[in-house]
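**Student:** After the structure tokens below, expect a handful of questions from me.
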Amino acid sequence: MAFQTEFEFTLPRGYIDRDGNLHRDGVMRLANAADEILPLRDPRVSQNPRKNRMLQ
């Protein structure tokens, strides 16, 4: 049995992008270690104390 890491979802009202397209369906995946580590290496994060505090 494989561990499920992606989950399909449907937004009840959807999201309208800049071009006016409605998006309702998507796929969300579980976070992994890289999702937490890579932003800490981004210079924009280290230059912004608010972002840096949220990630620690």
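**Student:** Within the range 40-56, identify whether any single residue is out of contact with any Gly (no Cβ under 9 Å at 6 or more places or on another chain), loosely packed, with under 10 Cβ neighbours inside 10 Å, part of a loop (DSSP other than H, G, I, E, B) and at pLDDT 95 or above, and answer yes or no.
**Tutor:** No, the range 40-56 contains no residue that is out of contact with any Gly (no Cβ under 9 Å at 6 or more places or on another chain), loosely packed, with under 10 Cβ neighbours inside 10 Å, part of a loop (DSSP other than H, G, I, E, B) and at pLDDT 95 or above.
**Student:** Would you mind stating whether Ala33 is exposed (fewer than 10 other Cβ atoms within 10 Å of the Cβ), within 17 Å of the chain's Cα centre (by Cα) and not aromatic (Phe, Trp, Tyr)?
**Tutor:** Yes, satisfied.
The values are calculated or read from the model by the stated rules, or taken from the named source; none is laboratory data. The model shown is predicted, which means the values in this text are computed figures rather than measured ones. All Cβ positions, glycine included, derive from the backbone under ideal geometry; neighbour counts span all protein chains shown.
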